[in-house]
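J.: Starting off with a structure, shown below.
The numbers here are math on the coordinates, done by the rules we state, and not lab data. Just so you know, these numbers come straight off a predicted model, no measurement behind them. Neighbour counts run over all protein chains shown; Cβ positions are idealised from the backbone, glycine included.
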Amino acid sequence: MELTPKLKRDVEKEIEEASTFEEVVGVLKKYSDYELKGAHLGRAFEKMFIKEEGFSPVIYMEELEQYHHSFHTTNGGDWCRDGQNYLGTKYYIKRDKVKGRIFSVKTDGYRKLTKINQNIRKDILKTVRAQRCVILDVSTNIECDHKDGMKDDWRLNDISSQQLEDFQPLSKAANDAKRQHCKKCIENGERYDAKKLGYKESYIMGNESSKTCVGCYWYDPKKFNQKISESFNKES
């Protein structure tokens, strides 16, 4: 059955108001006889599966189709197409295909498409420069570094929306090294592999081809170290 304009709005509102996985599934079941649109399916997928920093686990199409038949997709997969519709304009999307048919879907971080002007609010600049380098633990030649090495987070263009957590103190030597690795990542599309520094994991979120900086060592070395160290047990 086709949704009327009013029902389209109702479905979207009910999905937006749902606060748990079960509540979203309930909305989908309620409208199981109708053909839901890309905006509905994208919002539902977002509410059900997308977690910290815009990442989701790999979700198989056969599972999605159990929640609502409209998730079934042909080769095009309009509702989960990267760069299009609700989901694809908000998140990077990775899709695996088997024999030409979409087999699974996952989001791979927030999509950020605007190059920032790199201006930093004065109070943030002063606070960060007064701290010690998060990599070398020195207090000389400290620079205020944008954690996002791709510098494509539109929010940072408005200095009033900038937060202290968007930046980190790096010594000039550490910042120069980060700048080189970020430049290489942007050029070849491969994120820096932290195993080169001796870590047991390459990334704490995403993988080598993720288009977001989040989860890369250089994005937040302090958080990276904390995350990697969570399972450490000192031998007596």
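J.: Using a Förster radius of 41 Å, what is the FRET efficiency between GLU208 and SER160 based on their Cβ-Cβ separation? Nearest 0.05, please. Please report the intermediate quantities before stating the final value.
T.: On the way: r = 35 Å, r/R0 = 0.86.
The formula returns an efficiency of 0.70 here.
J.: Which of the chymotrypsin sites (Phe, Trp or Tyr not before Pro) found in segment 106-213 are in a DSSP loop and have at most 14 neighbouring Cβ atoms, other than their own, within 10 Å?
T.: Numbers: sites: TYR110, TRP154, PHE167, TYR192, TYR199, TYR203; in loops: TYR192, TYR199, TYR203.
Filter output for segment 106-213: empty list.
J.: Using a Förster distance of 30 angstrom, determine the FRET efficiency expected from the C-beta separation of THR4 and GLU65, and round it to 0.05.
T.: Here the calculated transfer efficiency is 0.80.
J.: While we're here: Once fully extended, how much extra length lies between GLN180 and GLN118, figured as 0.36 nm per residue of separation less the alpha-carbon to alpha-carbon distance? Mind dumping the intermediate values first?
T.: Working: separation 62, 0.36 × 62 = 22.32 nm, distance 1.72 nm.
Once the chain is fully extended between GLN180 and GLN118, it gains 20.6 nm.
J.: Count the lysine pairs in segment 5-110 that are 8 or more places apart or on different chains: how many have C-alpha atoms under 19 angstrom apart?
T.: 27
J.: Which of the trypsin sites (Lys or Arg not before Pro) found in segment 4-84 are loop residues per DSSP with 13 or fewer other Cβ atoms within 10 Å of their Cβ? Before the final figure, lay out the partial values.
T.: Numbers: sites: LYS6, LYS8, ARG9, LYS13, LYS29, LYS30, LYS37, ARG43, LYS47, LYS51, ARG81; in loops: LYS37, LYS51, ARG81.
The qualifying sites are LYS51.
J.: Shape call for segment 1-75 from the C-alpha gyration tensor, a ≥ b ≥ c root eigenvalues: rounded (a/c under 1.5), prolate (a/b greater than b/c) or oblate?
T.: Details: a/c = 1.82, a/b = 1.26, b/c = 1.44.
In terms of gyration-tensor shape, oblate.
J.: Another one. Mind jotting down the distance between the C-alpha centroids of segment 75-144 and segment 178-236, whole Å?
T.: Each part's Cα centre sits 14 Å from the other's.
J.: Taking the mean number of other Cβ atoms within 10 Å as a proxy for protection, how do you rank 126-137, 169-180 from highest to lowest?
T.: Values: 126-137: 15.0, 169-180: 17.8.
Going by the mean number of other Cβ atoms within 10 Å, highest first, we get 169-180, 126-137.
J.: Relative contact order for segment 122-231: what is it in percent, counting Cα pairs under 8 Å that are at least 6 residues apart?
T.: Details: 151 pairs, mean separation 26.4, N = 110.
This gives 24 percent for segment 122-231.
J.: For the chain, what is the relative contact order in percent, using Cα pairs closer than 8 Å and at least 6 residues apart in sequence?
T.: Details: 367 pairs, mean separation 31.5, N = 236.
Rounded, it is 13 percent for the chain.
J.: Please give the helix 5-17 orientation as an angle from the longest Cα principal axis of the chain, in degrees from 0 to 90, rounded to the nearest 10.
T.: 40 degrees
J.: Test of understanding: ordering SER231, SER70 by Cβ neighbours within 10 Å, fewest first, what list do you get?
T.: Working: SER231 7, SER70 20.
In increasing order of surrounding Cβ atoms, one gets SER231, SER70.
J.: Roughly speaking, what is the stretch gain from LYS30 to ASP96, that is 0.36 nm per residue apart minus the C-alpha to C-alpha distance, in nm to one decimal?
T.: Values: separation 66, 0.36 × 66 = 23.76 nm, distance 2.92 nm.
Full extension from LYS30 to ASP96 adds 20.8 nm.
J.: Pull out a ≥ b ≥ c, the square roots of the eigenvalues of the alpha-carbon gyration tensor of segment 93-236, then state rounded if a/c is under 1.5, prolate if not and a/b is larger than b/c, and oblate in the remaining case. Write out the running numbers ahead of the final one.
T.: Values: a/c = 2.12, a/b = 1.28, b/c = 1.66.
Oblate is the answer for segment 93-236, as a/c is 1.5 or above yet b/c matches or exceeds a/b.
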